[in-house]
Every structure is written in C-alpha cells, then in structure tokens.
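Derivation of every value follows stated rules applied to the coordinates shown; laboratory data play no part. The model shown is predicted, which means the values in this text are computed figures rather than measured ones. Cβ placement follows ideal geometry from the backbone for every residue including glycine, while neighbour counts extend to all protein chains displayed.
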Amino acid sequence: MINLTINGLPVSVEKGTTILDAAKFYGFPIPTLCHKEGLSPYGACRLCVVEIGEGSAAKLVSSCTYPVEDGLKVRTASERVLKARRIIIELLLASCPQSKTIQDIASRHNVRQQRFRQEYEDCILCGLCVRMCKEQMMAGAIGFRGRGQNRSIGTPFDIKSEVCRLCGGCIEVCPACQTRCTYTEPGKAICGGCANLAPPCIEKEQFHDMMCYMSPCVACEIKKA
Amino acid sequence: MDTKNILDIIKKHNKNKVSLISILEEIQGAYTYLPEKALRLLAKETGCSLTDIYGVATFYKTFSLKPKGKHCVSVCLGTACHVRGAQNIVEEFKRELSISPGETTPDNEITLETVNCLGACALGPTVVSDGQYFPHVSKSSVKEIITRTKGGGRSIAAEADIRIFPLQVSCPLCGKSLMDHDYIINGHPSVKFNVSMNGKKVWLRMSCLYGKHTVELENQLPPNELSRFHCPHCHNEFPSFSTCPECGASMAALFVREKCSWEVCMRQGCQGHILNLDQINLHKKSDKGKNK
C-alpha cells in the first residue's frame, strides 16, 4: 500500500493506482474527457490536471497517467489547477464548440466564453476512438496520422479498412464526433450505416451541418419534415 | 514493385517490429518512396497493424508515400536563410520548375522541398541538391542549380571530384584530334568518332571527362551488343590492346597526348574504361592495363 495525501486527507491506495483512480475512490471529483474505463490512459486532453509537490517544486501533472508515489501531496482543486483547467476548457471550446460533451464540461466549470480564435474542428485528437478500436474491438482500423498541424485520425491511405467491422465503437465514444458521416465519399465511410438504408439525401449539402447519426440515418428526412 | 526484394529487407531485420523505422528507411531507399503494397506486406510480415505503420510513415518527414523524382532539391527556410530572402528563392524555383514545394516535376526529374534548417546558417540562403550544398544562392543562380542537378545526377560536380578530369584525345592511327569543340558535353568539348554495328554506322559523342560516362549517340543501338569504333578522319578501326575489366569485351584505344591511351569498352552500355599511362607501341600489343 502506498500512503499519500489528497487535498490534505491522508489516504492509502494500492501500488500502481493512478492519482485519478485514487482521488475518485476517495470522492474527490476530477473532470476527464479522454479517459474511459477499459481503455488505457492516454493523457491527451489534460483536463484532469492536478498539482503535486510543494512550494517551488509544485507542478501540474495529468492525474490519469500519473501513478501514486509514497508521500505524494496532491491538490485536485487548488487555485492553479482551476485556472489551468479553465484555460484548457476554453481551448477545447475554441477548437470544437459544437460538441455537446465539451459544452457540458464548460458549463459545469462555469466557463461562459472563450478568448481564442474560433475554429470548428470536428476532432480534438483525444484518441478515444483509436484506443476503442484497438483495445476493445481488437481491430486497429483507425489510427493517428501525420503530426503537428496535420495530425488527424483515420484509416491508412484514407480508404475503407479491411479490419473495420463497422461496429460503430469509435462513434460511440467520440466526444466531438470526429467520425461523422462521409457517405458522400463512400470509400472513406467508416460506419456505412446510412449506405445500407439508401437514404434519399446523398447529394444533399446538409451533411456538413450534421454531427453524428449512427443508427438509422434519417436525420435529413426529419429535417425536411 | 518487387515483392521478394521487400521480403528480403524485412527478413534482414528478423521480421522485428522494433526495427520498423529501419525497415521503412530501407524500403524508401530502394523505391524513393513507401509503396502502399510494401506497407501492407510489412504489416502482414511483422504482425504490426497497418494503422501503426501508416502512423509512423506519415509522422516522420523522411518518409514519403508519393514517388519522388530522380533528384531532390531542398531549399532551406530556416531563420538565417529566411531573413536573407530564402522565400524568394523558393518562388524562383516554383516559377522555373512550375511545381510547388513537396511536388515532383511531371518528367519525374526533380522533387522540390523546403526544409526548416540545414545547419549551414552562415552559408545562407542555402540550397541542397542531391547532397551538394549551394551557398549564398541568389535568384539568378537558381537556373544554374537546376541545370546542374539535372546533368550532374547524384554524382559530385565534375569540377569538385579529382577522379573526374578532362582529356584531349586523338586518333592513334592518323593522329588527328577527335575533339569536337563546337559540341559541349558536361561543360567540355566532346569526343566524337564513328561506331558501327551490323553494318549500321552512327556517330558517337562522349564526354571528354575521364570517368564521367556521358555518351550521346546519333541513333539508338541495341544495348549489350559489341560494336566497332572508327576514326572519323582516316576511317580506320581503333586498335585494341586490352579487354574490358567489367565485361571482358575488347576495348578501343584512343590516344592521349600521343603517347598514352584511354581505352573504352566497345560493348554498348558498358562503362568499362582504362587510362593506360604506359607508352604504347602500336605494333606491339600490350596487356598492361592500369585500371583507375
């Protein structure tokens, strides 16, 4: 067992536990976005930052990837943590404002506006879908490609993967719905759900406004009516 | 694309996932890019998922999924080069080659690239073509770089390589010069003589740079066939003293400074050549060839 203090409370947890798990176990809430039980920790969204150490040695770490240490002093809601978290939420909002998940997190942390240039990305590169596909669905059909500004998620060579079983797991976990319908380009489609239904909306432009519609793609029909 | 070749490369690394980057580097070395088929084969052989391999291949700038040209020109856009106007150099290259950075000319000759720093900031603006550095490049020297890149190939510039030097050649029989001062190859007067094969007679011009192997023919001759070399002035066949160290065919001797001989393989396409510095007696066959 390892002894540490979380927000001043001395606790002891098993070796190998992450700070996030320990804090959750003792009832200290830490918001997460790219963390999901059953998937390996990734530390991409940085929403789960906590402060460890004291004085000038204090630093911010992502609690989902940091294993507990003996004598560790963790603060999950210090001034510095809250400030960093708000900035992270603002940045997430700036890149993906249409995401329901991110909007919810923002509202829970009382973030009402953001100060950065507004973009309308459809992916925050949290890697949830990649891990879902690889670790839970044992497929590995999608992955990260490129780096820096050009980093994106998708299938190799942008063509339909042979190992994809159209399970829809990637769309299920996506907080920003990166894998939105691409039926207008069937070769790139991941789910193919709407292709089976042969919807009358193939040529329609409305596709661009839509987020995700896994189960029967009748979104455009509803919109029309 | 040769499947066996790629399998050999993968086997060399014991089909090990850990050496993924080395394998990719070797495939890129063999094909100038990473063919999709090769990546799929690699995934199958190493057990690594195609997604991961594709991720690595797109992550590093060294790897290219598109075929590259024969020559690669990289323009440095690092801070030092940038402030000295590297952007203008890029524009000039774009205009001259009519391609954007990252693209290859339609004839598959030159790939234009921009790089962030070549580590030669004092020489800026710097351009590297096939490993050769061009310092203090100005807009006006862009054209020359392109010509030199196209002509020089991957070899070092002729003037800089001590193994390549110009020779003055004459016919060993009539003693008349074989140099054609009106026709320049590789920046030097060319050597001109006649070649016959199966009754067909054409002229041949070759670079007078020893070791350069640039050859131009009036008409295409079948490769790997033996031909005969004749003097254009006295129409006699050049004498032969030695056999080619590369392919074993007999070689034609041309006189250099009227005493030594430059012997060239008469097999079409063979690059075998010898510079024989022993004084040659025309009537006594000498086999003492001194290979370069």
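Annotation for residue A:94 and residue B:226: the two label points, set 7 Å from Cα along the Cα-Cβ direction, are 7.8 nm apart. Restricting the range B:205-276 to trypsin sites (Lys or Arg not before Pro) that sit in a DSSP loop and have at most 13 other Cβ atoms within 10 Å of their own Cβ leaves B:257, B:259. Peptide A:132-141 is shielded by partner chain Cβ atoms: per residue, an average of 2 of them sit within 10 Å of its Cβ. Each of the peptides B:47-54, B:179-186 was scored by the mean count of other Cβ atoms within 10 Å over its residues; in descending order, highest first, they stand as B:47-54, B:179-186.
Shape summary of the range A:2-108, radius of gyration then Dmax from alpha carbon positions: 13.9, 42 Å. For the range B:165-276, the alpha-carbon radius of gyration amounts to 0.95 times the rule-of-thumb value 2.2 N^0.38 Å expected for a compact globular protein. Placing one equal scatterer on every Cα of chain B and applying the Debye formula, the log10 ratio I(q)/I(0) at q = 0.07, 0.09, 0.14, 0.15 Å⁻¹ is -0.41, -0.64, -1.04, -1.08. Stokes-Einstein, applied to the Kirkwood radius of the range B:12-60 over Cα pairs at a viscosity of 1.567 mPa s and 4 °C, places its translational diffusion at 122 µm² s⁻¹.
Test of the criteria: in the range A:1-95, which trypsin sites (Lys or Arg not before Pro) are in a DSSP loop and have at most 13 other Cβ atoms within 10 angstrom of their Cβ?
Listed in order of number, the matching sites are A:15.
Would you mind giving the average projected area, over all directions, of the Cα convex hull of the range B:68-140 in nm² with one decimal?
Over all viewing directions, the range B:68-140 projects a mean Cα-hull area of 4.2 nm².
Take each residue in A:152-158, count the other chain C-beta atoms within 10 Å of its C-beta, and the mean is 4. Counting, for every residue in B:55-61, the Cβ atoms of other protein chains within 10 Å of its Cβ and taking the mean gives 5.
State the Kirkwood hydrodynamic radius of the range A:85-178 in Å, one decimal place, computed from all pairs of distinct Cα atoms.
14.3
P(r) for the range B:9-95, from all Cα pairs and a bin width of 5 Å, is 3, 13, 21, 17, 12, 10, 9, 8, 6, 1 %, short bins first. Database remark: amide H of residue B:190 closer than 5 angstrom to the amide H of B:180, B:183, B:185 (H placed geometrically; neighbours at sequence offset of 5 or more, or on other chains; Pro and chain starts carry no H).
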